[in-house]
1. Would you mention how many residues in region 84-105 are closer than 22 Å to residue 64 by Cβ and among the small types (Gly, Ala, Ser)?
2. So how many residues does region 37-77 have that are β-branched (Val, Ile, Thr) and within 14 Å of residue 88 (Cβ to Cβ)?
3. Tell me the residue from 42, 50, 73 that is surrounded by fewer than 16 Cβ atoms within 10 Å (Cβ to Cβ) and under 25 Å from residue 100 (Cβ atoms), please.
4. For a quick check of your reading of the model, give me the residue pairs whose first member lies in region 120-138 and is within 18 Å of residue 33 (Cβ to Cβ), whose second is not in a helix (DSSP H, G or I), with beta-carbon atoms closer than 6 Å and at least 6 apart or on different chains.
5. Restricting region 77-93 to residues that are among the aromatic types (Phe, Trp, Tyr) and in a helix (DSSP H, G or I), which is surrounded by the fewest Cβ atoms within 10 Å (Cβ to Cβ)?
6. Quick check on region 46-76: of everything there that is modelled with pLDDT under 95 and part of a helix (DSSP H, G or I), which residue is nearest to residue 13 (Cα to Cα)?
7. Determine whether region 128-143 contains at least one residue that is charged (D, E, K, R), outside any loop (DSSP other than H, G, I, E, B) and either within 18 Å of residue 25 (Cα to Cα) or within 13 Å of the chain's Cα centre (by Cα) (or both).
8. When both residues are 6+ apart or on different chains and their Cβ atoms are under 8 Å apart, which pairs have a first residue that lies in region 4-23 and is aliphatic (A, V, I, L, M) and at pLDDT 90 or above, and a second that is exposed (fewer than 13 other Cβ atoms within 10 Å of the Cβ) and assigned to a loop (DSSP other than H, G, I, E, B)?
Amino acid sequence: MPYISPQTLTQDEQKLILRVTAKHPRDHAIISMELGTGLRVGELLGLNVGDVFAQDGAPKTRIRVRSEIAKRGRAGDVFMPDRLMPKLRRFWRFKKQRSEGLEADVPVFCAQSRRRLSRRRVQSPWREWQKKAGYDRLYPLHATQYRPECTAFS
């Protein structure tokens, strides 16, 4: 039986979804981090401000994925691509403007209630963004996982 690779976004599709979400800082940051780091959705949503940002708001170049949010409890490090740094700085300013918590133990991605964003609150908009981007098929959120040949962070 031949090996069938998992469905992932092409480079053009990555660019398109990033362009469509550009004016929506939280969703754009989530999708950019998914594309740039390969973190699983649960790991991404489990991150706290202190995991991603220094106290002064500068994005960290290396993120420690704590065992309590990592799959099967396997902690690890993720290196942030250089092209993701300006997006994270913009996201910090967005959080600050909205008066969201910026303390180290506060979730990076919050719902309107200021609580940690749920998977469902990421999956539903992901589907809508794909429709707005005009994709010919809808991908599961796992399709954003990192592929070296698809790195469209422009």
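The values are calculated or read from the model by the stated rules, or taken from the named source; none is laboratory data. Just so we're clear, the structure is a prediction, and the values are computed from it rather than from any experiment. Cβ coordinates were reconstructed from backbone atoms using ideal geometry, including for glycine residues, and neighbour counts include every protein chain displayed.
1. Qualifying residue count for the region: 2.
2. 5
3. Criteria check complete, one pass: 42.
4. 121/111; 130/138
5. Applying the filter and picking the extreme gives 92.
6. For region 46-76, the residue satisfying everything is 71.
7. yes
8. Here the result reads 16/134; 18/154, each pair linking region 4-23 to a residue that is exposed (fewer than 13 other Cβ atoms within 10 Å of the Cβ) and assigned to a loop (DSSP other than H, G, I, E, B).
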